[in-house]
Amino acid sequence: MTPPAHVIVGAGAAGMMAALTAAERGVPVLVLDAADAVGGSLNISSGQLSAAGTLLQRRRGIVDSPDAHYADIMRISENTADPTLVRLAVDNAARTLDWPTENGMEFMPDHPVEGFAHEPYTVARYYWGPDFGRSILQILRKAFDAQVTAGRITLSLNTKLIGLVMSGRRVTAVTATAPDGERTYPASSVLLATGGYNANPELFHELSGRPAYGANSYPYNTGGGLEAARRAGAALRGHENYLSSFGVVMDRPGLGAKLEFRHIHHPQDRPPWEIYVNTEGRRFVAEDEPSVNAREHALLDQPELRRYVVFDARVLRESPPMISGRTNHELRDLFDVHPMFTSAPTLDGLAAKTGLPAPALAETVAEYNTTLDSGRPDPFGRRHRPTRIDEGPFYAIRVQGASVTSTVGLAVDSDLRVLDATGEPFTNLSAAGELLGSGQLMGKSFCGGMMATPALTLGLLYGEGLSAHA
Ligand SMILES: Cc1cc2nc3c(=O)[nH]c(=O)nc-3n(C[C@H](O)[C@H](O)[C@H](O)COP(=O)(O)OP(=O)(O)OC[C@H]3O[C@@H](n4cnc5c(N)ncnc54)[C@H](O)[C@@H]3O)c2cc1C
């Protein structure tokens with residue numbers, strides 16, 4: 001009979017960092033992953049990280065502290081993030097980032113920055129590498145592989161968790177489908193680090209309360225760890241904090257679509273010339289609202305998390321590029337060829353083709369034009385209004401709000417032990433990373449770097465804890 005092992009399920013940011021930390025301190029671990037390679041979401045993630053009090057900041061004379069980072073997250077999330085987990089993550093984030101820095105990770109030359117793709121921080125503490133998530137994965141994998149070679153990490157790929165074998169409040173084993181069939185792995189401790197559930201549309205709908213509009217997450221992240229813990233009695237948190245991005249242009253309509261184009265909606269990059277309407281043909285936000293958080297929250301109230309970017313021939317001709325990586329001239333080839341790009345000689349025609357209600361769309365555009373002509377303030381407070389929208393043909397680009405991270409996650413205590421519905425911890429069952437859910441780590445907001453960095457940091461803390469107890 002195999003002796004019980006310290007089992008880590010999931011070899012993404014959290015699982016790899018946990019395994020590496022434990023192994024480097026002399027504690028052998030068994031790592032199981034459903035995929036055929038390690039790295040999880042870091043393989044596809046933007047890998048934007050945030051940490052305060054780092055070596056990189058000191059080198060640039062930036063004064064920062066975990067307290068200031070914590071205060072920013074609670075401000076941005078309007079206190080909806082989990083204070084205990086955010087504290088744990090930010091208090092130890094500098095260590096997370098200094099390690100790859102010292103080990104040769106390349107960062108973008110002007111980093112750290114405050115960032116504006118998510119609500120800006122008050123201090124420049126936001127960093128990423130030229131190869132995004134893979135920049136940090138490269139450093140992590142080198143150290144991880146060395147421990148696999150040294151025999152302190154036993155790695156089993158293509159091994160998918162099925163369930164947890166419990167004895168009271170203790171996990172005694174995990175069951176999984178491995179390449180050689182179904183197997184039981186006796187466990188002295190288990191860390192679940194299986195990431196989110198975005199690749200499981202049914203679970204996404206159940207937990208996030210919205211359809212899974214985009215399919216841009218790691219395909220192995222189907223919520224296996226969350227389901228196994230839930231069957232064992234674990235409590236979930238974060239339902240109330242679902243938030244979607246302000247939207248991207250998908251490759252096609254319908255669920256399961258993938259991101260194809262990015263509409264440039266940050267007024268800091270490009271003040272908008274167009275108007276945005278919802279599926280009812282109505283505007284719902286100042287298109288130049290500087291706070292991305294405010295724009296995201298406004299979209300959350302719109303049907304199907306969808307907006308149409310509506311404009312005319314003059315805007316197409318005269319405005320700066322509105323789709324990332326394409327000139328407006330190049331966009332002409334997409335209209336009426338790509339399902340998300342529509343044009344018509346008249347507004348009524350545009351409504352007919354997009355399915356927008358014609359009277360509402362006409363009224364919305366007319367109101368925008370007359371308010372502009374009269375010099376009256378825009379009812380939504382928009383300030384940048386360079387031109388009327390009245391020169392046919394008219395255009396609409398369909399933009400879909402979606403989220404690449406999972407909102408709901410396992411409830412844990414400050415030692416990352418999984419909690420049951422009564423708030424009591426399981427003895428030797430822990431969780432880290434996206435499995436805790438964005439609803440806990442960032443609340444009802446997106447805070448720069450606050451998924452990948454906590455995944456690494458909480459993995460690090462788990463590995464340290466494991467070695468301290470071993
Ligand atoms: C497109 C995209 C862009 C992103 N950009 C950013 C960003 O810029 N900044 C940021 O902070 N965050 C970002 N994120 C989120 C961030 O990358 C992740 O939250 C983080 O990497 C998750 O780490 P993790 O270790 O918890 O999970 P993962 O890295 O996803 O690892 C989970 C691992 O578990 C394995 N697994 C899953 N189910 C099972 C099972 N049943 N049995 C065994 N193994 C299983 C998977 O194969 C995977 O290897 C982004 C995510 C995506 C998809």
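The values are calculated or read from the model by the stated rules, or taken from the named source; none is laboratory data. Computed from a predicted structure; not experimentally measured. Glycine also receives a Cβ, built like all others from the backbone with ideal geometry; neighbour counts cover every protein chain displayed. The protein model used for the area step is the full one, side chains on, heavy atoms only, and it has no ligands, DNA or RNA in it. Shrake-Rupley method; radii C 1.70, N 1.55, O 1.52, S 1.80 Å.
Rounded to 0.05, the FRET efficiency of the E114 and T427 pair, given R0 = 45 Å and the Cβ-Cβ distance, is 0.60. Model label sites at R230 and T84, defined 7 Å from Cα along the beta-carbon direction, differ in position by 2.1 nm. Taking the DSSP bridge list for the chain and keeping only pairs wholly inside it, about 70 percent are antiparallel.
Rounded to the nearest angstrom and listed largest first, the equivalent-ellipsoid semi-axes of the chain from its Cα gyration tensor are 44, 23, 19. Rounded to the nearest 20 debye, the dipole size of the chain about its Cα centre is 480 debye, using +1 on the Cβ of Lys and Arg and -1 on the Cβ of Asp and Glu. Think of the chain as a dipole: +1 on every Lys or Arg Cβ, -1 on every Asp or Glu Cβ, centred on the Cα centre; then among L191, V63, L243, L191 lies furthest on the positive end. For the chain, the relative contact order works out to 24 percent when only alpha carbon pairs closer than 8 Å and six or more residues apart are counted. The share of accessible area on the chain that comes from carbon and sulfur is 52 percent, using a 1.4 angstrom probe. Between the residues V7, N92, T371, the greatest Cα displacement towards the positive end of the dipole of the chain, with unit charges on the Cβ of Lys, Arg, Asp and Glu, is found for V7. Each 10 Å bin from 0 upward holds the following percent of the Cα-Cα pairs of segment 249-400: 11, 44, 39, 5, 0. In whole Å, what is the distance between the alpha-carbon centres of segment 410-470 and segment 153-224? Cα centres, segment 410-470 to segment 153-224: 16 Å. Solvent-accessible area per residue in segment 249-400 equals 43 Å², computed with a 1.4 angstrom probe and all protein chains kept. With the simple spin-label model, which puts each label point 7 Å out from Cα in the Cβ direction, the V165 to V63 separation comes to 5.8 nm. Maximal additional length on extending the E367-D348 stretch stands at 5.3 nm, based on 0.36 nm per residue less the C-alpha distance.
These residues, T184, T422, T364, go from largest to smallest accessible area, 1.4 Å probe, as T422, T184, T364. Entry comment: accessible area of segment 95-175 is 47 Å² per residue, from protein heavy atoms only and a probe of 1.4 Å.
About its Cα centre, segment 249-400 has a charge dipole of approximately 220 debye under the convention of +1 per Lys or Arg Cβ and -1 per Asp or Glu Cβ, with nothing else charged. Take the Cβ atoms of A358 and R25, set R0 to 51 Å, and the FRET efficiency comes out at 0.15. Surface listing: K444, K258 arranged by accessible area from highest to lowest gives K258, K444, probe 1.4 Å.
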